[in-house]
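The block underneath contains the structure these notes are about, expressed in structure tokens.
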Amino acid sequence: MSSTLLSRRDLRFLLHDWLDVTRLTERHRYAEHSRETFDAVLELAERVAVERFAPHNRAADLAEPTFDGRRVHTIAQVKEALDVFAETGLLGAGMDASVGGMQLPHVVRAACFAWLQAANAGTSAYPLLTLGNANLLLAHGSPEQIDTWVRPMVQGRFFGTMCLSEPQAGSSLADITTRAEPQDDGTYRLHGTKMWISGGDHELSENIVHLVLARIPGGPPGVKGISLFIVPKVLLGDDGALGARNDVVLVGLNHKMGYRGTTNTLLNFGEGVHRPGGRPGAVGYLVGEPHQGLAQMFHMMNEARVGVGAGAAALGYTGYLKSLAYARQRPQGRPLADKDPATPQVPIVAHPDVRRMLLAQKSYVEGALALVLYCGRLLDEEKTAPEAAERDRARLLLDVLTPIAKSWPSQWCLAANDLAIQVHGGSGYTRDYDVEQHWRDNRLNPIHEGTHGIQALDLLGRKVTMRDGAGLALLVETVRATTTRAWQAGGEAAELAAPLGAALDRVALVTRRLWSTGDPEVALANASVYLEAVGHVVIAWMWLEQLLVVEAAGGPGDGPDADLYAGKRQAARYFFRHELPRTGPQFDLLDSLDRTTLEMRDDWF
Ligand SMILES: Cc1cc2nc3c(=O)[nH]c(=O)nc-3n(C[C@H](O)[C@H](O)[C@H](O)COP(=O)(O)OP(=O)(O)OC[C@H]3O[C@@H](n4cnc5c(N)ncnc54)[C@H](O)[C@@H]3O)c2cc1C
């Protein structure tokens, strides 16, 4: 039976027919792998998702974690699922064999995680955070820190967090105030409050490794004076055994709209509740050099942000499949041309408006999944391409695409979840069906890891202008290569190449125009509109790429993949006819250097 989490055959299409991931096994890093090992680990991820993560998705939502003043309580199935997940070794799927990982390509790892994200966003957040934490330490930690903290995380014994936000410093990390006092023994003592920390306290693992941004007194102000520290919940003895409690305390849990299975915490560091070594202050270990904390964090941000996009795509995808299944079995009404009440009702999937809602979802979620997997493939290129120039190219393209890969799925796969509710009619508005939870879970994604507005500023203010516009030029050149292939392929692909080429011209022109005044306020006032328009152009590109795979296979035909291919072609048509044209008025608005939002005064609201 086909799954309602993700589509196995779509993943096969994207990973093998399009991204040709097996070719990565020609690289030294992945030489131990083969198509068979990739498929086996994907199957394993699907099984764990279906058997262990999906069954308690609703239960964990209904019984959110509680704090009794001493301990955090979560339903038992969360820990059971995470223990199974750790036993499978999937946590270290993308990590080096030297730290106990499977050393799989990032793109394959991302596809594996998508199964878990679709099955249970709340429970899968714990390993995802742990993975982000461990990857950061692998990139910037000392060999000793890697041994002490990363290995137990790969084994699933310790979980990790990312402690950036503070009550007064969310989007503006320049304003964080947590301080880290250097000690004679080379350690630091941290004092401060961190807000919104996911997985910040629980009893699901033996220990929690907090990665904390803090200031060393006397350092430069703003983002240049922020350093990164490892602050464990439980300190370790010289032999590595769990020892005394560190001075990190849970003040309280946040009660969220979605992602309720994941604890979300307000943490105090150095309050004096626990007194390691007889003194207040949370013991912390500096990672890398002082004042490099934000740069180190940002190093991993690409991966984390694409991971948010992948989570949004996965939630959109499962909502789409569930609404499709519902539409196929819910009888209601008759065909437009047949109103005879004596005839049986048809399933709602027969109504063009319901098909519109399903096609819109399909075009959003499959387009988004394609983009995040494409980014995963770029990460593999960045890490393993044989030539330095190829690695640079991949890094630059990934840099430009990252705010889009984070924000587009967060906006449009949430819109897909909204449509999934609509397809369910009144039932979609009840808690008897999963789709309302998917929407609530997905609503987080435009907020965390840099809000939508912050991603827009990043794209227009930094990414398309950096290195004299080299990033934008590379994006345009890469999309052009696809439109050129489409022209050469002829037929429908060539027809779609024309509007995509025209939209791409507008991206280049509008970007120049926005920056032509030399006034950043005018340029950036409508950055969110820019992000949305460029995002739609990028997803249209993803659809043309997929259509080219279908055409290269000789079109839908009548083989075993006929329906898959015909569905891809129809979704590509939908995106080009119904969605890409939305960008026209957006580009017009941007081109006019509109000042409406800039000129609106506070007292006029
Ligand atoms: C469920 C959940 C889990 C989270 N997990 C973590 C975690 O594990 N670790 C962690 O460190 N943080 C975490 N966060 C925090 C999250 O990253 C922040 O909520 C986010 O960065 C926004 O910060 P804020 O909430 O203070 O909002 P604000 O920064 O106050 O933003 C409010 C609004 O103003 C806009 N805005 C702010 N500044 C600007 C600007 N300069 N230009 C234009 N618009 C602007 C924003 O886009 C937003 O719409 C989590 C948050 C939530 C809700």
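The values are calculated or read from the model by the stated rules, or taken from the named source; none is laboratory data. Quick caveat, the model's predicted, so the values are computed rather than measured. So basically every Cβ, Gly included, is an ideal-geometry build from the backbone, and we count neighbours across all protein chains shown. SASA here: full protein model, heavy atoms, side chains in, ligands and nucleic acids out. Shrake-Rupley method; radii C 1.70, N 1.55, O 1.52, S 1.80 Å.
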- Out of all the residues in segment 548-574, which are of a type in the set (Ser, Thr, Tyr) and either under 16 Å from Ala497 (Cα atoms) or surrounded by fewer than 19 Cβ atoms within 10 Å (Cβ to Cβ) (or both)? Tyr574
- Note on the structure: Filtering segment 1-26 down to residues that are in a loop (DSSP other than H, G, I, E, B) and open to solvent by 40 Å² or more (accessible area, probe 1.4 Å) yields Met1, Ser2, Thr4, Asp20
- Item | In segment 172-216, residue nearest to the ligand (Cβ to nearest atom) [restricted to those that are open to solvent by 30 Å² or more (accessible area, probe 1.4 Å) and part of a loop (DSSP other than H, G, I, E, B)] | Ser172
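Every residue, every condition in (1) closer than 19 Å to Arg9 by Cα; (2) assigned to a helix (DSSP H, G or I), yes or no:
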residue: Leu496; (1), (2): no, yes
residue: Ala503; (1), (2): no, yes
residue: Arg506; (1), (2): no, yes
residue: Val510; (1), (2): no, yes
residue: Leu514; (1), (2): no, yes
residue: Ala523; (1), (2): no, yes
residue: Glu545; (1), (2): yes, yes
residue: Pro560; (1), (2): yes, no
residue: Lys568; (1), (2): yes, yes
- Here are some conditions: (1) at pLDDT 95 or above; (2) more than 21 Å from the chain's Cα centre (by Cα). Pro105 meets all but one. Which one does it not meet? (2)
- Message: From the list Ala360, Ala416, Ala456, exactly one residue is touching a helix residue (DSSP H, G or I) at 6+ places or on another chain (Cβ under 8 Å), within 16 Å of the ligand (Cβ to nearest atom) and farther than 28 Å from Ala93 by Cα. Which is it?
- Response: Ala456
- Task: Being more than 15 Å from the ligand (Cβ to nearest atom) and open to solvent by 50 Å² or more (accessible area, probe 1.4 Å) is the filter here, so list the residues in segment 252-273 that pass it.
- Result: Glu271, Val273
- Number of positions in segment 38-87 that are under 16 Å from Ala110 (Cα atoms) and buried (at least 16 other Cβ atoms within 10 Å of the Cβ): 10
- Message: I need every pair where a residue in segment 415-431 that is under 11 Å from Leu315 (Cα atoms) has its Cβ under 7 Å from the Cβ of a residue that is open to solvent by 50 Å² or more (accessible area, probe 1.4 Å), sequence separation at least 6 or different chains.
- Response: Asn417/Trp439
- Message: Yes or no: segment 378-393 includes at least one residue that is open to solvent by less than 10 Å² (accessible area, probe 1.4 Å), out of contact with any Ser or Thr (no Cβ under 7 Å at 6 or more places or on another chain), closer than 18 Å to Met542 by Cα and in a helix (DSSP H, G or I).
- Response: no
- Message: Condition check: open to solvent by 40 Å² or more (accessible area, probe 1.4 Å) and basic (Lys, Arg). Does Arg305 satisfy that?
- Response: no
- Message: Restricting to segment 578-605, name every residue that is open to solvent by 40 Å² or more (accessible area, probe 1.4 Å) and under 27 Å from the mean Cα position of the chain (by Cα).
- Response: His578, Pro581, Arg582
- Message: Can you tell me which of (1) open to solvent by 50 Å² or more (accessible area, probe 1.4 Å); (2) out of contact with any strand residue (DSSP E or B) (no Cβ under 8 Å at 6 or more places or on another chain); (3) within 20 Å of Asp68 (Cα to Cα) is the one Arg245 doesn't meet?
- Response: (2)
- Task: Can you give me the number of residues within segment 63-108 that are more than 23 Å from Leu250 (Cβ to Cβ), of a type in the set (S, T, N, Q) and in a helix (DSSP H, G or I)?
- Result: 2
- Query: Do the conditions hold for Phe67, that is, is it of a type in the set (Phe, Trp, Tyr), touching a helix residue (DSSP H, G or I) at 6+ places or on another chain (Cβ under 7 Å) and at pLDDT 95 or above?
  - Reply: no
- Query: What are the pairs, 6+ residues apart or on separate chains, where a residue within segment 579-605 that is farther than 20 Å from Ala503 by Cα and basic (Lys, Arg) has its Cβ under 7 Å from a residue that is open to solvent by less than 30 Å² (accessible area, probe 1.4 Å) and assigned to a helix (DSSP H, G or I)?
  - Reply: Arg595/Val522
- Message: For the structure I just gave you, tell me whether Thr148 is within 16 Å of the ligand (Cβ to nearest atom) and farther than 21 Å from Glu43 by Cα.
- Response: no
- Right, Val231: touching a residue at least 24 places away in the same chain (Cβ under 8 Å) and away from the ligand (no atom under 12 Å from the Cβ) or not? yes
- What's the number of the condition Gly450 fails, among (1) within 20 Å of Ala54 (Cα to Cα); (2) near the ligand (Cβ under 9 Å from one of its atoms); (3) open to solvent by less than 30 Å² (accessible area, probe 1.4 Å)? (1)
- Note on the structure: Scanning segment 306-353 for residues that are in contact (Cβ under 8 Å) with a residue 40 or more places away in the chain and β-branched (Val, Ile, Thr), the one farthest from Ser407 (Cα to Cα) turns out to be Ile348
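From the list Thr130, Thr161, which residue is open to solvent by less than 30 Å² (accessible area, probe 1.4 Å), within 13 Å of the ligand (Cβ to nearest atom) and part of a helix (DSSP H, G or I)?
Result of the check over Thr130, Thr161: Thr130.
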- Message: Is it the case, given these coordinates, that Gly219 is more than 16 Å from the ligand (Cβ to nearest atom), under 29 Å from the mean Cα position of the chain (by Cα), under 19 Å from Glu289 (Cα atoms) and in contact (Cβ under 8 Å) with a residue 12 or more places away in the chain?
- Response: no
- Message: Looking at Ala470, Ala481, can you tell me which residue is at pLDDT 95 or above, more than 13 Å from the ligand (Cβ to nearest atom), more than 25 Å from Gln546 (Cβ to Cβ) and of a type in the set (A, V, I, L, M)?
- Response: Ala470
- Item | Some residue of segment 280-295 being within 15 Å of the ligand (Cβ to nearest atom), open to solvent by 10 Å² or more (accessible area, probe 1.4 Å) and modelled with pLDDT under 95 | yes
